[in-house]
Amino acid sequence: MTTGKVLDFHPKGLSTLYNYVCRDDDGRIFSFGVEHRYHFDILSHEGDPRGRYVNYDDDLKTVEFLD
């Protein structure tokens with residue numbers, strides 16, 4: 001599991017993924033893809049994720065907002 005602050009998100013090429021770019025507490029940059037339908041669910045339920053901290057589990061492919 002990786003914890004970090006969401007810096008930005010953007011569509012990933014011509015696919016249905018949005019790429020979330022984050023920075024962990026050590027300053028390392030990491031990113032993960034979110035299907036567009038889940039991205040829009042995040043926007044409607046959590047609001048704009050930029051500036052918020054998340055836990056991302058690469059094994060389970062889950063995102064948890066910490067604040």
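Among the residues of the stretch 27-36, those that are more than 17 Å from Leu60 (Cα to Cα) and at pLDDT 95 or above comprise Gly27, Arg28, Ile29. Applying the condition of being of a type in the set (Asp, Glu) and under 14 Å from Gly4 (Cβ atoms) to the stretch 17-66 and asking which residue is surrounded by the fewest Cβ atoms within 10 Å (Cβ to Cβ) yields Asp26. Do you know which of the residues in the stretch 1-16 that are within 13 Å of Val63 (Cα to Cα) and hydrophobic (A, V, I, L, M, F, W, C) is surrounded by the most Cβ atoms within 10 Å (Cβ to Cβ)? Checking each candidate, the answer is Val6.
Only residues that are within 12 Å of Cys22 (Cβ to Cβ) and in a loop (DSSP other than H, G, I, E, B): list them for the stretch 42-57, please.
Result: Pro49, Arg50, Gly51, Arg52.
State yes or no: is Phe32 aromatic (Phe, Trp, Tyr) and in a helix (DSSP H, G or I)? Here the answer is no, as Phe32 does not meet what is asked.
The values are calculated or read from the model by the stated rules, or taken from the named source; none is laboratory data. Note that this is a predicted model, so its numbers are computed, not measured. Neighbour counts run over all protein chains shown; Cβ positions are idealised from the backbone, glycine included.
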